[in-house]
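First up is the structure itself, then whatever we jot down about it.
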Amino acid sequence: MRLLIHMKSSLVGLEVHAQINSTSKLFSGSQVSFSSPPNSRVSYFDASLPGTLPVLNRRCVEAAVMTGLALNCTINMKSLFDRKHYFYADMPAGYQITQQRLPIAVSGLLIYSHLGGPKRNQVISKSIRIKQIQLEQDSGKSLHDEHQSQTLIDLNRAGVGLMELVMEPDMSCGEEAAAAVRELQLILQALGTCQGNMSEGQLRVDANVSVHRPGEPLGVRTEVKNINSIRHLARAIDHEIQRQMELLEQGGVVQNETRAFDQKTGLTIPMRDKEGLQDYRFMPEPNLPPLLLYVSGRVPAGLDPSQVVLVDRVKALLPELPGVRRERLVEEYGILPEHSYTLVNEDGLADYFETVVKATKAEPRKVIGWVVKELLSNLNQQNLKVNQSLVAARALAELLDLLETGHVSSTAAKVVFQELWKNPEKGAEKIIQEQNLGLMSDAATLQIICQKVVESHPEEVDIPKNVIVLNKLMGQVQKETKGRADPVQVRAILQELTSS
Amino acid sequence: RSGRSPRRVSKALREGRVSATDLCRKCLQRIRETHYLNAYISVTEELAMQQAERRRKLRLLRGYTFMWEPRGILDGVPFSVKDNFCTQGVETTCASLMLKGYTPPFNATVVQKLLDQGAVLLGKTNLDEFAMGSGSTDSSFGPVRNPWSEAVTGGRSSTELGSDWAIAGGSSGGSAAAVASLSCYLSLGSDTGGSTRNPGALCGVVALKPTYGVLSRHGLIPLVNSMDVPGILTRRVCDAAIVLDILRGPDERDSTTVPSPALDCALTEELDLTRITVGIPQVTDWFQDAGQEVVVSSALAGTAGGLPSDLFPWR
């Protein structure tokens with residue numbers, strides 16, 4: 001591990017921008033939608049026409065409060081809005097409305113887990129401190145047309161609500177960051193406050209990376225941008241750590257700069273210098289009064305209820321969070337933590353699992369194997385999501401019932417599953433019938449086959465009661481019977497035959 | 001003359017003694033006659049006549065429709081608006097080349113409220129560029145001249161003013177000059193640090209700066225967001241009160257507006273001078289420093305001389 005060789009520690013902090021899942025924008029009524037025709041979702045305020053004023057969107061406030069509560073933050077009952085000034089063509093106002101002085105939520109904790117240990121099947125729990133969560137506006141999009149030397153501006157995204165989550169540098173490598181972001185994604189999706197799709201820009205992550213020798217002061221940090229998937233996040237961070245370490249080893253100096261991640265090469269390259277340190281000229285946003293939140297029973301008289309957000313009501317609406325769900329799955333169904341981790345990690349897999357369990361007589365501990373092995377590997381092979389699965393939960397439940405009642409052997413059942421995958425319209429029963437995969441349990445027939453196998457492998461038989469030999473013979477029998485033979489009976493028969 | 005008050009002219013309109021189109025035409029004529037004041041940046045002749053015609057037609061129907069009521073007390077009354085208020089389809093420049101040719105797609109809330117009353121928009125008045133000024137001298141379209149200039153410069157022909165003229169005050173100088181020169185019955189200005197009050201004083205009209213938050217700033221192109229308010233300029237105090245009552249009220253498009261109580265007073269048009277008390281700041285060092293002490297004192301004495309002496313214990 002390079003960390004040991006260089007005897008340096010690395011620090012990784014993340015800045016996450018999560019697009020709020022709302023119908024309209026943060027300060028105007030225009031619609032939030034991905035991939036609409038350019039400049040078709042722009043209100044007068046978004047275009048910064050003179051004389052227009054911001055009006056706060058209630059749903060965005062609720063989303064930020066809910067996210068803050070889910071991340072164990074302290075909600076500031078009073079928060080303020082500020083202007084952050086800089087010039088860029090996709091931000092017509094010349095400033096972004098954000099919450100620099102007093103954001104809506106502070107001092108939270110993101111608890112995440114990842115699979116570690118020598119066999120990568122241990123669920124290790126870690127946490128990151130969240131410094132603050134603030135509401136702010138998204139900017140529009142610039143499309144640089146090199147050929148015609150022009151930049152095209154699409155303001156559809158200008159003014160969409162964002163939650164900026166600022167995290168303390170409590171991580172040390174790409175893997176941790178990836179696991180943390182994955183957990184954040186799951187939490188936001190469970191809350192419904194952000195759809196969390198990184199490739200669509202709904203969740204944007206920038207990494208701050210620095211290295212230092214343990215015991216010495218912290219090193220200079222660089223910011224890494226242009227990361228659009230969790231996989232790239234891990235790669236980018238690890239590369240940057242390595243780059244900084246190598247640079248220092250060679251006697252170089254790490255610049256405090258912004259670097260872009262190039263996914264083709266896996267390297268970070270310095271971004272065009274933006275005129276040194278920016279003075280954002282922060283000032284209070286004069287057109288928005290302080291944002292006040294309330295608790296039921298302590299709302300001042302005379303306030304219009306539509307203008308009031310009650311923190312306790314939002315708290316009551318919190319759904320089951322991923323961490324809690326993982327624990328519940330383990331407790332309720334007796335499955336292993338690492339399986340529970342996988343279930344919650346894949347979109348819809350936990351729901352699929354619970355549906356199968358409720359529909360089948362088979363025990364959850366038997367179901368889980370099918371879901372995390374057979375189903376998941378098939379999905380991954382064809383790059384499908386759970387909701388695109390060719391074998392529906394009910395169909396699998398049916399198959400497992402047949403397995404339970406002894407209509408098919410476990411080996412044959414796996415074959416049936418693959419057949420179901422290819423021909424989902426046929427039921428399990430039909431496939432078993434058509435392909436003659438039913439359990440072969442007639443004692444006489446089995447006896448004959450076992451006899452045949454034993455006779456054709458005389459050398460093995462000489463070694464009595466050898467488990468390996470027995471398994472090999474069983475394998476042969478199953479081969480003969482195309483996996484249909486009842487393994488319990490076969491084992492008994494073979495044991496008898498070989499011991500004599 | 002139908003009177004200088006919107007209330008009076010409104011009565012005249014309602015009683016059919018004058019039609020909305022006649023009134024509009026007269027006001028437009030007045031604007032032409034006083035063009036040298038440079039009070040207007042845009043005059044919306046066609047639009048104004050269209051609006052007036054619509055109001056006139058509706059009034060004619062009154063005889064046949066029991067249900068019809070005038071839109072409001074300002075129905076058919078011509079008004080002007082400072083050119084930093086957004087007016088839909090009408091050029092809004094803020095007296096700056098930066099916004100020359102800019103046509104907003106929406107009306108400022110206060111403008112819309114007046115239009116909803118049936119009032120007729122004559123045009124956009126001149127101002128200091130982006131309302132930054134206190135004399136209406138810094139406009140890209142030339143300065144505004146005070147209609148009372150000749151009183152200061154000493155008796156010239158009233159149809160033209162040469163290079164010798166007095167400032168109208170600012171930044172709502174155009175609005176104040178328009179009201180003072182009788183080309184409209186009321187005008188909207190804006191006030192940040194006196195920009196409605198000071199031109200009102202210099203042009204001799206009533207100028208009201210409402211409390212921040214009482215009137216909506218939606219559509220008022222800002223100078224200082226936390227201080228700007230729309231201002232009201234009229235020729236009589238009672239008219240300013242009427243307009244204030246029409247324009248006040250929270251606006252969901254302006255988060256800095258607050259609810260305010262309705263005006264619970266009826267102001268009379270006729271003032272009984274025997275019952276007034278006039279407050280005057282003591283002539284202070286400030287006047288002395290400006291060398292104006294004598295001028296101020298004699299102006300006050302002159303005014304006091306025109307009032308019953310026991311009313312005015314002027315030393």
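May I ask you to order A:343-351, B:193-201 by the average number of other C-beta atoms within 10 Å around their residues, highest value first?
B:193-201, A:343-351
Compare the peptides B:95-101, A:278-284 by average per-residue count of other Cβ atoms within 10 angstrom and give them in order, highest first. List each step's numbers first, then the result.
Numbers: B:95-101: 17.0, A:278-284: 12.0.
Averaged packing, sorted descending, gives the order B:95-101, A:278-284.
What does the average come to when, for each residue of peptide A:36-48, you count the partner chain Cβ atoms lying within 10 Å of its Cβ?
Values: counts 0, 0, 0, 0, 0, 0, 0, 0, 6, 2, 0, 1, 0.
Going residue by residue through A:36-48 and averaging, the value is 1.
Using a Förster radius of 30 Å, what is the FRET efficiency between residue A:124 and residue A:392 based on their Cβ-Cβ separation? Nearest 0.05, please.
E between residue A:124 and residue A:392, to the nearest 0.05, is 0.30.
Leaving out ligands, DNA and RNA, what percent of the accessible area of the protein assembly as shown is carbon and sulfur, probe 1.4 Å?
Numbers: 21520 of 40560 Å².
Result for the protein assembly as shown: 53 percent of the exposed heavy-atom area is carbon or sulfur.
Tally Lys/Arg at +1 and Asp/Glu at -1 over every other residue whose Cβ is under 12 Å from the Cβ of residue A:213; what's the total?
Summing Lys/Arg as +1 and Asp/Glu as -1 gives -1.
Over region A:261-331, average the accessible area per residue using a 1.4 Å probe and give it in Å², no decimals.
71
Buried accessible area between A and B (1.4 Å probe, both chains summed, ligands and nucleic acids excluded), in Å² to the nearest 100?
1100
Using alpha-carbon pairs under 8 Å, 6+ residues apart, how would you state the relative contact order of region A:24-122 in percent? Can you show the working numbers first?
On the way: 118 pairs, mean separation 22.4, N = 99.
Relative contact order here is 23 percent.
Amide H of residue A:82: which non-local residues (sequence gap of 5 or more, or other chain) have their own amide H closer than 5 Å, using H built in the peptide plane?
The list, which skips near neighbours in sequence, is A:98, A:99, A:100, A:285.
Shape of region A:74-199 from its Cα gyration tensor (a ≥ b ≥ c, root eigenvalues): rounded if a/c is under 1.5, otherwise prolate when a/b > b/c, or oblate?
Judged from the Cα gyration tensor, region A:74-199 comes out oblate (a/c at least 1.5, b/c at or above a/b).
Can you give the local net charge around residue A:157? Use residues other than it whose beta-carbon is closer than 14 angstrom to its beta-carbon, Lys and Arg +1, Asp and Glu -1.
-2
Order of B:131-138, B:257-264, A:424-431 by packing, highest average Cβ count within 10 Å first?
B:131-138, A:424-431, B:257-264
For the protein assembly as shown, build the charge dipole from Cβ charges (+1 Lys, Arg; -1 Asp, Glu) around the Cα centre, then report which of B:298, A:125, A:10 sits farthest towards its positive end.
Comparing the listed Cα positions along the dipole, B:298 ranks first.
With every protein chain left in place and a probe of 1.4 Å, what is the accessible surface of residue B:56, to the nearest 10 Å²?
70
Please work out the average accessible area per residue across region A:28-72, using the 1.4 Å probe convention, and give it in Å².
Solvent-accessible surface per residue comes out at 41 Å².
Please label the shape of region B:16-60 as rounded, prolate or oblate, based on the square roots a ≥ b ≥ c of the eigenvalues of the alpha-carbon gyration tensor (a/c under 1.5 means rounded; beyond that, a/b larger than b/c means prolate, else oblate).
Oblate, since a/c reaches 1.5 and b/c is not below a/b.
Per residue, how many Å² of accessible area does region A:90-214 show with a 1.4 Å probe?
Using a 1.4 Å probe on heavy atoms only, each residue of region A:90-214 averages 39 Å².
Counting partner chain Cβ atoms within 10 Å of every residue's Cβ in B:248-257, what's the average?
The shielding value for this peptide is 3.
So if R0 is 51 Å, what FRET efficiency would residue B:22 and residue B:293 give, r being the distance between their Cβ atoms, rounded to the nearest 0.05?
That gives a FRET efficiency of 0.55.
Relative contact order (percent) for chain A, with alpha-carbon contacts under 8 angstrom and 6 or more residues of separation? Intermediate values should be presented prior to the final figure.
On the way: 887 pairs, mean separation 66.8, N = 500.
Computed over chain A, the figure is 13 percent.
Could you run the Karplus curve 6.51 cos²θ - 1.76 cosθ + 1.60 with θ = phi - 60° over region A:437-451 and give me ³J(HN,Hα) per residue in whole Hz, x for Gly and Pro?
In residue order, the calculated couplings are 9, x, 5, 8, 10, 6, 4, 4, 4, 5, 4, 4, 5, 4, 4 Hz.
Please tell me which of these pairs span more than 32 angstrom C-alpha to C-alpha: A:361/A:422; A:315/A:361; A:358/A:430; A:373/A:452; A:141/B:100; A:315/A:358? List each step's numbers first, then the result.
Values: A:361/A:422 25 Å; A:315/A:361 37 Å; A:358/A:430 23 Å; A:373/A:452 34 Å; A:141/B:100 28 Å; A:315/A:358 30 Å.
Pairs exceeding 32 Å: A:315/A:361; A:373/A:452.
Find out how many positive minus negative residues lie around residue A:109, taking Lys and Arg as positive, Asp and Glu as negative, among other residues whose Cβ is under 14 Å from that of residue A:109.
Result for the local shell: 0.
Could you work out the relative contact order of region A:74-160, using alpha carbon pairs under 8 angstrom and six or more residues apart, expressed as a whole percent?
Rounded, it is 26 percent for region A:74-160.
Return the FRET efficiency for the residue pair residue B:100, residue A:144: r is the Cβ-Cβ distance, R0 is 25 Å, and the value is rounded to the nearest 0.05.
0.25
About its Cα centre, what dipole magnitude does chain A give when the only charges are +1 on Lys and Arg Cβ and -1 on Asp and Glu Cβ, stated in debye to the nearest 20?
520
Compare each residue of region A:52-67 in its chain alone against the assembly with all protein chains, and report those whose accessible area goes down by 40 Å² or more; 1.4 Å probe, heavy atoms.
A:53, A:55
Given H placed on each backbone N at 1.01 Å, which residues far from residue A:267 in sequence or on other chains put an amide H within less than 5 Å of it?
It is A:262, by chain and number.
In whole Hz, with x marking every Gly and Pro, tabulate ³J(HN,Hα) for region B:272-278 from phi via Karplus 6.51 cos²θ - 1.76 cosθ + 1.60, θ = phi - 60°.
Listing the rounded values in order: 8, 5, 6, 10, 9, 10, 9 Hz.
Taking the Cα atoms only, what angle lies between the long axis of helix B:45-61 and the longest principal axis of chain B, rounded to 10 degrees?
With both axes taken from Cα atoms, the answer is about 60 degrees.
What distance in nm separates the two pseudo spin-label positions at residue B:201 and residue A:448, each 7 Å out from Cα along the beta-carbon direction?
Once both label points are built, they end up 12.0 nm from each other.
What are the residues of region A:286-331 that lose 50 Å² or more of accessible area, with a 1.4 Å probe, going from their chain alone to all protein chains?
Listed by number, the residues meeting the 50 Å² cut-off are A:286, A:287.
The values are calculated or read from the model by the stated rules, or taken from the named source; none is laboratory data. Keep in mind that this is a model prediction, so the values were computed, not measured. Please note: Cβ atoms are built from the backbone with ideal geometry, for glycine as well, and neighbour counts cover all protein chains shown. The accessibility values were calculated without ligands, DNA or RNA, using every heavy atom of the protein model including side chains. Shrake-Rupley method; radii C 1.70, N 1.55, O 1.52, S 1.80 Å.
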